[in-house]
Amino acid sequence: MFRYLGVCALSILGAGLTLPILNGLAGEDESAKGPAGFREITEAQEASIEKGVAWLAKTQAHDGSWKAEGGQPYTCSMTGLAGLALLAHGDTPGRGKFGENTLRAVRFLLKQQNNTGEISVPGDGHSMYGHGFAMTFLAECYGMDPSGEEAPRIRACLEKGVKLTARAQSSLGGWYYSPNSGTDEGSVTITQVQALRACRNVGIDVPPKTIENAINYIKKSQQPDGGIAYRAGMSGSRPAISAAGAELLLMAGLYEAKETKLIVEYVKRTVTSENTMGQHDSYTSFYTAQALQQIGGEDWSKYFTARRTRFLREQQQDGSWRSTGWGASPVMDTAMAVVVLALPYQYLPIYQK
């Protein structure tokens, strides 16, 4: 079992594609900084991150969870995302300023795994989102301390969770809001693939064919303009899902694939720091930043500088972010904003170049 404190490589497709896992801050590598004058980390940015994670810690429920406001609580999704934000800040379970909050989130999610292997709260909507975000968070925690107090329980949970995800994959290679639905759509598919990658990073067995079929699903969903449709077989590109699809292909190491180049160009001309196509603002920014960081250079520096400025402008006095439109939630908005702002810290291997 490798430790995240070392330098290693992962293979997302078994013996095929390899991606480096790097140490330290991206800012330590002069070639990664992009154009002259670009700073990946500023004092104002660091202060904003501090305020954001402090708000998340303050709003955590006694049982270790977070919930969306109004409508469906999406408990496991919110808890997984908030946990990732704490990890991105540099906290680990039981260690760091918000280490106890992180540990409570781990323990809450471990308790939610049912007999099928799904990590979900009864009655929560779109349970496969929660399963995916929970697995990603737990895998990152496990990789940071594979000998920690909760490590055996986390590993067992991830092994069962991966099996559930593999079983729930549709015949086309995607996933839908609930397991065993027999259908699929792009955004849940991307959540599952990122979770599977996080699990594979820490030595959990992931069937290569499951990942391969998921990547092919994204390719099947690609439109003539380079974007990704809501579902394979449908027409019409969705900017939010396209941003997530770009991150998936780049995460798989397919930098030179024609599909990757087309989708990246679509995202670059469609999504800007100010125009994230409205209804899915946080989600689109979350994945666009991850994808463009993988590319680096001027594409990354221009987007990140402008998006950081907007984040700092829109942060509330209490430290939270609150967007409007479908699916908006202060927990989701705040967690995603913190993760994006903290990407240059490079604390989480799942978001590293």
**Request:** Could you run through region 241-259 and say how many residues are out of contact with any Gly (no Cβ under 9 Å at 6 or more places or on another chain) and not acidic (D, E)?
**Result:** 11
**Complete set of residues in region 69-128 that are out of contact with any helix residue (DSSP H, G or I) (no Cβ under 8 Å at 6 or more places or on another chain) and among the hydrophobic types (A, V, I, L, M, F, W, C)** = L103
**Complete:** Selection over region 220-253 where residues are touching a helix residue (DSSP H, G or I) at 6+ places or on another chain (Cβ under 7 Å) and surrounded by fewer than 19 Cβ atoms within 10 Å (Cβ to Cβ) yields a count of 2
**Message:** If I go through region 308-325 residue by residue, how many of them are modelled with pLDDT under 95 and buried (at least 21 other Cβ atoms within 10 Å of the Cβ)?
**Reply:** 1
**Request:** Please state which one of V264, V271 is in contact with a helix residue (DSSP H, G or I) (Cβ under 7 Å, 6 or more places away or on another chain), at pLDDT 95 or above, buried (at least 23 other Cβ atoms within 10 Å of the Cβ) and hydrophobic (A, V, I, L, M, F, W, C).
**Result:** V264
**Message:** Regarding region 94-103, can at least one residue be identified that is part of a helix (DSSP H, G or I) and closer than 15 Å to V121 by Cα?
**Reply:** no
**Complete:** Among the residues of region 178-208, the number that are more than 20 Å from E247 (Cα to Cα) and without any contact (Cβ under 8 Å) to a residue 60 or more places away in the chain is 7
**Condition met for A337 (part of a helix (DSSP H, G or I) and surrounded by 22 or more Cβ atoms within 10 Å (Cβ to Cβ))** = yes
**Prompt:** Scanning for something part of a helix (DSSP H, G or I), surrounded by fewer than 23 Cβ atoms within 10 Å (Cβ to Cβ) and at pLDDT 95 or above, does region 33-44 turn up at least one residue?
**Reply:** yes
**Prompt:** So which residues in region 333-353 are more than 19 Å from T79 (Cα to Cα) and charged (D, E, K, R)?
**Reply:** K353
**Request:** Might you check whether a residue that is within 28 Å of F304 (Cα to Cα), buried (at least 21 other Cβ atoms within 10 Å of the Cβ) and within 17 Å of the chain's Cα centre (by Cα) occurs anywhere in region 106-114?
**Result:** no
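From the residues in region 154-172 that are in a helix (DSSP H, G or I) and of a type in the set (A, V, I, L, M, F, W, C), which one is surrounded by the fewest Cβ atoms within 10 Å (Cβ to Cβ)?
Start the filter on region 154-172 by keeping residues that are in a helix (DSSP H, G or I), which leaves 154-168.
Checking the rest, the ones that are also of a type in the set (A, V, I, L, M, F, W, C) come to 154, 156-158, 162, 164, 166, 168.
Details: I154: 26, A156: 12, C157: 24, L158: 26, V162: 23, L164: 20, A166: 17, A168: 23.
Here the residue is A156.
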**Complete:** If we keep only residues of region 122-141 that are modelled with pLDDT of 95 or more, more than 20 Å from R167 (Cβ to Cβ) and of a type outside the set (D, E, K, R), then the residue nearest to the chain's Cα centre (by Cα) is F137
**Positions within region 59-83 being closer than 27 Å to I41 by Cα, in contact (Cβ under 8 Å) with a residue 60 or more places away in the chain and out of contact with any Leu (no Cβ under 7 Å at 6 or more places or on another chain), in sequence order** = T59, M78, L81
**Fill in**
Subset of region 213-241, residues farther than 18 Å from Q194 by Cβ and outside any loop (DSSP other than H, G, I, E, B), comes to K220, Q222, P239
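The values are calculated or read from the model by the stated rules, or taken from the named source; none is laboratory data. Computed from a predicted model, the values in this text were never measured in an experiment. Note that each Cβ is placed from the backbone with ideal geometry, even for glycine, and that neighbours are counted across all protein chains shown.
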